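Have a look at the structure below, then the notes.
The values are calculated or read from the model by the stated rules, or taken from the named source; none is laboratory data. Bear in mind the structure is a predicted one, so any value in this text is a computation, not a measurement. Every residue, glycine among them, receives a Cβ derived from its backbone with ideal geometry; neighbour counts consider all protein chains shown.
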Amino acid sequence: MEENNEEQKVNSTEEIKQEVKEAVTENEKTAGNTNVKKDYTASKNFFKNILKTPYDEIKNVANSPKSYFIIILISFITWVVAELIGGVIVLVKNMLSNSLYSSMFMSFKNSVGNILGLFFSILGPAIIISVISLIIYLFMKNKKKNYLTIASTLIIAYMPVITSSIISLLGYINTYTAKLTNTYASFCSVITAVLTYFAIKAIYSEEDDNKATITYLIIMGIYFAFVLVLKLFGISI
């Protein structure tokens, strides 16, 4: 009799464990589905909201970058690929334009310069985002946002420049399209400057426009000083 009771207790315990395990698994699936649905909704509404309420949307990215992970990742990869393609086109053009009768030294010098130019074209997006993010992070007193959150928010702010990198590839067709793409690039630079201001304001959670503007000017001033130093060494990003 006692053996039967013990066996029933063991069976009951195993059943309870199994029910708990199934409940946990079901909750994990539900949570996963909810997160996927939430991320999909955020991504779906992003492009509409970034045009209607750019500051609010960038603020959402700064507060919850994980919800925009796919957009951020695809945007950055697209930027790098566009710069890579452009760099390869410039490299091939420069190599073909070199005179067959130029000296061996000049040919070697031009080849090294072209390869370095391609290398920095690929690294350009990473350098831009990483340097500005570092400056923002270093100026942040209480470190409310981590470095990756800052970088993610800046990538979103640089989306006009990313589209410009893609469109600019058409400029290699002829001089007429180059004029059009250069004009578009200038327009995108202005929009990116505004969105970067919004990004810095959102990252610092600064509601005072005057303080946000001063912070923006200081950060971008330091960044462009860094760019100037690179140019003095013959490096363009």
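Annotations
- Within segment 27-81, the set of residues being among the aliphatic types (A, V, I, L, M), modelled with pLDDT under 85 and surrounded by fewer than 17 Cβ atoms within 10 Å (Cβ to Cβ) comprises Ala31, Val36.
- Given (1) in the same structural domain as Ile77 (by TED's automatic domain parsing); (2) in contact (Cβ under 8 Å) with a residue 60 or more places away in the chain, number of the condition Ile237 does not satisfy: (1)
- Flag for Leu91 being surrounded by 13 or more Cβ atoms within 10 Å (Cβ to Cβ), at pLDDT below 90 and in a helix (DSSP H, G or I): yes
- If you go through segment 131-145 and pick out every residue that is within 23 Å of Ile50 (Cα to Cα) and polar (S, T, N, Q), you end up with 1.
- Which numbered condition Leu170 misses (of (1) of a type outside the set (Gly, Ala, Ser); (2) in a helix (DSSP H, G or I); (3) out of contact with any Gly (no Cβ under 8 Å at 6 or more places or on another chain); (4) in contact (Cβ under 8 Å) with a residue 40 or more places away in the chain): (4)
- Selection from segment 206-237 of residues that are within 22 Å of Asp56 (Cβ to Cβ) and loosely packed, with under 12 Cβ neighbours inside 10 Å: Glu207, Asp208, Asp209, Asn210
- Taking the conditions (1) under 20 Å from the mean Cα position of the chain (by Cα); (2) surrounded by 13 or more Cβ atoms within 10 Å (Cβ to Cβ) in turn, Val190 satisfies each one other than (2).
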